[in-house]
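The values are calculated or read from the model by the stated rules, or taken from the named source; none is laboratory data. This one's a predicted model, so the numbers in the text were calculated from it and none came from an experiment. Cβ: placed from backbone, ideal geometry, glycine included. Neighbour counts: every protein chain shown. To get the accessible areas, we keep the full protein, side chains included, count just its heavy atoms, and leave off ligands, DNA and RNA. Shrake-Rupley method; radii C 1.70, N 1.55, O 1.52, S 1.80 Å.
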Amino acid sequence: MLRSRVIPCLLIQNGGLVKTTQFKDPKYVGDPINAVRIFNEKEVDELIVVDIDATVKKQEPNYRLIENLAAECRMPLCYGGGVKTSEQAQRIIGLGVEKVAMSSSLIEHPSLAGEISEAIGSQSVVLVLDVRRSLLGKYSVCVHNGRRNTRQDPFEVAASVEKFGIGEVVVNSIDNDGRMMGFDVQLAEKMRAAVGVPMTVLGGAGSIQDIRGLIDRFGVVGAAAGSLFVFKGKYRAVLINYPGVVERIPVPASRAA
Amino acid sequence: MIKVLDYGSGNVKAITNIYKRMNVPCGIASNVTELAEADRIIVPGVGAFDQTMILLERSGMLETMNEMVVGRNVPVLGICVGMQVMASASEEGRRAGLGWINGVVRRIDTTELTHKPSLPHMGWNSIRTTTPHPVFHEVDLTKGFYFLHSYCFSCEDERNVIATSRYGNEVTAAVNSGNVFGMQFHPEKSHSNGIAVFKNFAEI
């Protein structure tokens, strides 16, 4: 039986790990390779690593770092940050990464998804949508670490990119990022209705109950979190962790494959 | 010595690292000379069928590998698309495969799936062995392995399927014919179960 995936999401800035709140105030939380080693021991389901500098600073992906991360990972790795072409995606897959995540490049050119799928297989192409919610509750897609609001509807964007071939959508709530107050379930509901590929929900998880709640609601889903797996306690002391109880969360029988 | 084929697809280093921790001699083969030293071959893979065949051809090792596997029965383990290219063809592409195991690669049948997502089949799934096989010695079948694919192996001879996983219908998870082994999941990304599989392959 296929199980839901519980996924730590790590952000990289200047070669170190950081954690943001609402995409701001990056706090240094440690060394990426060290974190991967700890997550290996914890046997995590999967890992997402995003270089939050690469696109904004118009940098090439840091292939050396990606190669080192991939060699260390004993769990599947999804890399994102600065990927704009199918050549770059292919090179990253060649370094031993299972999935390549892209955001602004696919939002600007949905057909690029088809080109990249042809090269690396659609199962390895991941669309990441950073979404902001307005005071009136309207959702819009942002790029460049949330700094640019494209004013585009995330569900329409996801559906149009999906047509060209992708393997997963990661939907990330900017408003909930780092606040540990729970996922934006409404956003996830709308995204689930919009696409047929696997969905991973990111932004806001503050407890195992949040993750359990998401899985109860959606059946087979990716539940991703940053703060939850790098902070401990109300003073947010840095501690890489992956609570054992989440590993065996059963899928509700009604949702099972 | 076990050699992991380095042809630009899949995670070569994750596999060599796993063997290094076990103290099992293992190296990378990126040319014919290095490949010739192999007493076992691992073909990793992530990607699309045609692209993988192109990379194999470009590596310059295909002919030697074929001679070792078919001519001298050197054990070989293909992973994910590295397994799929062992079929004669795939619905995903137009190129011919290696034809080491009789069968073709088809898109996963999703008609029995009652939920979203449909494809790809992504995540940790349990497997069921069709016959007790030494390659799954000390593997926790319920915990299973990490899968990431939209196409799956369809064997001509059912007896070549040694394990399946359930995703709507039964999906081929592992195949074996003589010295040729294939795994649809990623043992190099499946923690202790994956380590067990690599250990078993080294001892077969």
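Numbers below:
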item	result
Residue ranges of strands (runs of 3 or more DSSP E) in the range B:98-204 with at least 1 members of a type in the set (Lys, Arg) and surrounded by fewer than 24 Cβ atoms within 10 Å (Cβ to Cβ)	B:103-107, B:161-167
The range A:71-110 - residue that is among the aliphatic types (A, V, I, L, M) and assigned to a helix (DSSP H, G or I) and, of those, farthest from A:VAL131 (Cα to Cα)	A:ALA71
Any hit, the range B:124-131, residues being under 21 Å from B:LYS189 (Cα atoms) and away from chain A (no Cβ under 11 Å)	yes
Test: residue in the range A:93-104 that is free of Cβ contacts under 8 Å to residues at least 60 places away in the same chain, open to solvent by 10 Å² or more (accessible area, probe 1.4 Å) and not polar (S, T, N, Q)	yes
Neighbours by Cβ (under 6 Å, 6+ apart or cross-chain): first from the range B:142-153, at the interface with another protein chain (Cβ under 8 Å from one of its Cβ atoms); second crowded, with 23+ Cβ neighbours inside 10 Å and of a type in the set (Ser, Thr, Tyr)	B:TYR146/B:SER190
Given (1) in a helix (DSSP H, G or I); (2) in contact with a strand residue (DSSP E or B) (Cβ under 6 Å, 6 or more places away or on another chain), index of the condition A:VAL128 fails	(1)
Filter result for A:ASP210 (open to solvent by less than 30 Å² (accessible area, probe 1.4 Å) and among the charged types (D, E, K, R))	no
Qualifying position, being away from chain A (no Cβ under 13 Å), open to solvent by less than 30 Å² (accessible area, probe 1.4 Å), small (Gly, Ala, Ser) and touching a helix residue (DSSP H, G or I) at 6+ places or on another chain (Cβ under 8 Å), among B:GLY93, B:GLY78	B:GLY78
Subset of the range B:154-176 [more than 13 Å from chain A (Cβ to nearest Cβ) and either among the basic types (Lys, Arg) or within 16 Å of B:VAL43 (Cα to Cα) (or both)]	B:ARG159, B:ALA174, B:VAL175, B:ASN176
Residues located in the range B:96-123, provided they are closer than 17 Å to B:ALA174 by Cβ and within 14 Å of chain A (Cβ to nearest Cβ)	B:VAL105, B:ILE108, B:HIS121
Single residue of A:SER86, A:SER4 found to be of a type in the set (Ser, Thr, Tyr), closer than 30 Å to B:HIS115 by Cα and surrounded by 16 or more Cβ atoms within 10 Å (Cβ to Cβ)	A:SER4
Selection from the range B:10-52 of residues that are assigned to a loop (DSSP other than H, G, I, E, B) and more than 10 Å from every other protein chain (Cβ to nearest Cβ)	B:ASN23, B:VAL24, B:PRO25, B:SER30, B:ASN31, B:GLU37, B:ALA38, B:ASP39
The range A:7-63: number of residues that are among the acidic types (Asp, Glu), in a strand (DSSP E or B) and buried (at least 21 other Cβ atoms within 10 Å of the Cβ)	1
Scan of the range A:131-152 for residues that are buried (at least 17 other Cβ atoms within 10 Å of the Cβ) and outside any strand (DSSP E or B), ordered by number	A:ASN145, A:GLY146
Only listed residue being without any contact (Cβ under 8 Å) to a residue 40 or more places away in the chain and either within 12 Å of chain B (Cβ to nearest Cβ) or open to solvent by less than 10 Å² (accessible area, probe 1.4 Å) (or both), chosen from A:ALA188, A:ALA159	A:ALA188
Residue check for A:VAL6: in contact (Cβ under 8 Å) with a residue 40 or more places away in the chain and within 16 Å of the chain's Cα centre (by Cα)	yes
Where a residue in the range A:72-87 is farther than 15 Å from A:ILE33 by Cα and its partner, wherever it lies, is open to solvent by 10 Å² or more (accessible area, probe 1.4 Å) and modelled with pLDDT of 95 or more, with Cβ under 6 Å and at least six apart	A:GLY80/A:VAL50; A:GLY80/A:VAL128; A:GLY81/A:VAL50; A:GLY81/A:ASP51; A:SER86/A:GLU115
Among the residues listed as A:ASN149, A:ASN172, the single one being without any contact (Cβ under 8 Å) to a residue 60 or more places away in the chain, away from chain B (no Cβ under 14 Å), closer than 20 Å to A:GLU46 by Cα and not hydrophobic (A, V, I, L, M, F, W, C)	A:ASN172
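Okay, residues lined up against (1) more than 13 Å from chain B (Cβ to nearest Cβ); (2) in contact with a Cys (Cβ under 9 Å, 6 or more places away or on another chain); (3) modelled with pLDDT under 95:
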| position | (1), (2), (3) |
| --- | --- |
| A:GLU72 | no, no, yes |
| A:TYR79 | no, no, no |
| A:VAL83 | yes, no, no |
| A:GLY94 | no, no, yes |
| A:VAL100 | no, yes, no |
| A:SER105 | yes, no, no |
| A:PRO110 | yes, no, no |
| A:GLY114 | no, no, no |
| A:GLU118 | no, no, yes |
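Condition check ((1) more than 30 Å from A:GLY114 (Cα to Cα); (2) outside any strand (DSSP E or B); (3) modelled with pLDDT under 95) across all residues:
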| site | (1), (2), (3) |
| --- | --- |
| A:GLU156 | no, yes, no |
| A:ARG179 | yes, yes, no |
| A:THR200 | no, no, no |
| A:GLY213 | yes, yes, no |
| A:ALA224 | no, no, no |
| A:VAL245 | yes, yes, yes |
